[in-house]
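To start, the structure itself, in structure tokens.
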Amino acid sequence: AQRLERQIWTRWLNYEGADPLVPDLLQRGNAALLQRDYAVAEAAFTAVVERAPDFAEGWDRRAVVRFLRGDCDGAVRDIDRTLALEPRHFGALFGLGLCRTVQGDHQAALNAFERVLALDPHYAPAQSQAALMRKYLAGYPL
């Protein structure tokens, strides 16, 4: 299952469009993300979505940065665009669950985590978050 997940991520991250600058912008954004330079990462991913608006992973990468910067509303908008382009994007759905958790909408968070598990039943982060949300919704404190 993990090998298949890696293959899917590799495919999603592979830009096949016409703009020759997009791969460099993706690399710059991912490097900045690893360095926790979220302003640079967001700028790079914003350039990606402007240059390649039909590339789902550009929107997902920017959603990740926006979540890490505390901008759940912006992250959710980017996740919505990601899912419009790639409805099976379990990473975006997982991010949606995290955003809904932060926003206090625990039922919506559980729904998102369960959608992840419908696509990838072995995705351990979604398994643990779904279990946590089920407990919380049953009355146990987080």
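The values are calculated or read from the model by the stated rules, or taken from the named source; none is laboratory data. As the structure is a computational prediction, the values presented were derived from the model and not from experiment. Note: ideal-geometry Cβ built from the backbone for every residue, glycine included; neighbour counts use all protein chains shown. Protein only, heavy atoms only, side chains kept; ligands, DNA and RNA dropped before computing areas. Shrake-Rupley method; radii C 1.70, N 1.55, O 1.52, S 1.80 Å.
Annotations
- Options 110, 25, 68, 96; residue that is in contact (Cβ under 8 Å) with a residue 12 or more places away in the chain and over 30 Å from residue 141 (Cα atoms): 25
- Qualifying residue in the range 40-47 (condition: more than 23 Å from residue 90 (Cβ to Cβ) and surrounded by fewer than 13 Cβ atoms within 10 Å (Cβ to Cβ)): no
- Residue pairs meeting the criteria (Cβ under 8 Å; at least 6 apart or on separate chains; first touching a residue at least 12 places away in the same chain (Cβ under 8 Å), in the range 48-60; second assigned to a helix (DSSP H, G or I) and polar (S, T, N, Q)): 56/82; 57/82; 59/82; 60/82
Yes/no per residue for (1) in contact with a His (Cβ under 8 Å, 6 or more places away or on another chain); (2) over 19 Å from residue 12 (Cα atoms); (3) modelled with pLDDT of 95 or more:
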| position | (1), (2), (3) |
| --- | --- |
| 34 | no, no, yes |
| 67 | no, yes, yes |
| 123 | no, no, no |
| 131 | no, yes, yes |
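- Look at the range 1-16: where a residue is over 14 Å from residue 123 (Cα atoms) and touching a residue at least 12 places away in the same chain (Cβ under 8 Å) and a partner is open to solvent by less than 100 Å² (accessible area, probe 1.4 Å) and in a helix (DSSP H, G or I), sitting 6+ places away or on another chain with Cβ atoms under 6 Å, you get 12/57; 13/57; 15/22; 15/23.
- Taken residue by residue, the range 89-101 has no member that is open to solvent by 60 Å² or more (accessible area, probe 1.4 Å), charged (D, E, K, R) and out of contact with any His (no Cβ under 8 Å at 6 or more places or on another chain).
- Here residue 115 fulfils each of the conditions (1) open to solvent by less than 70 Å² (accessible area, probe 1.4 Å); (2) under 15 Å from residue 127 (Cα atoms) apart from (1).
- Subset of the range 12-54 (residues that are under 15 Å from the mean Cα position of the chain (by Cα) and either under 27 Å from residue 118 (Cα atoms) or not in a helix (DSSP H, G or I) (or both)): 12, 13
- Screening residue 78 on (1) on the phi < 0 side of the Ramachandran plot; (2) open to solvent by 10 Å² or more (accessible area, probe 1.4 Å) shows it passes everything except condition (2).
- Of the residues examined, residue 131 is not one that is free of Cβ contacts under 8 Å to residues at least 24 places away in the same chain, open to solvent by 60 Å² or more (accessible area, probe 1.4 Å), assigned to a helix (DSSP H, G or I) and of a type outside the set (Ser, Thr, Tyr).
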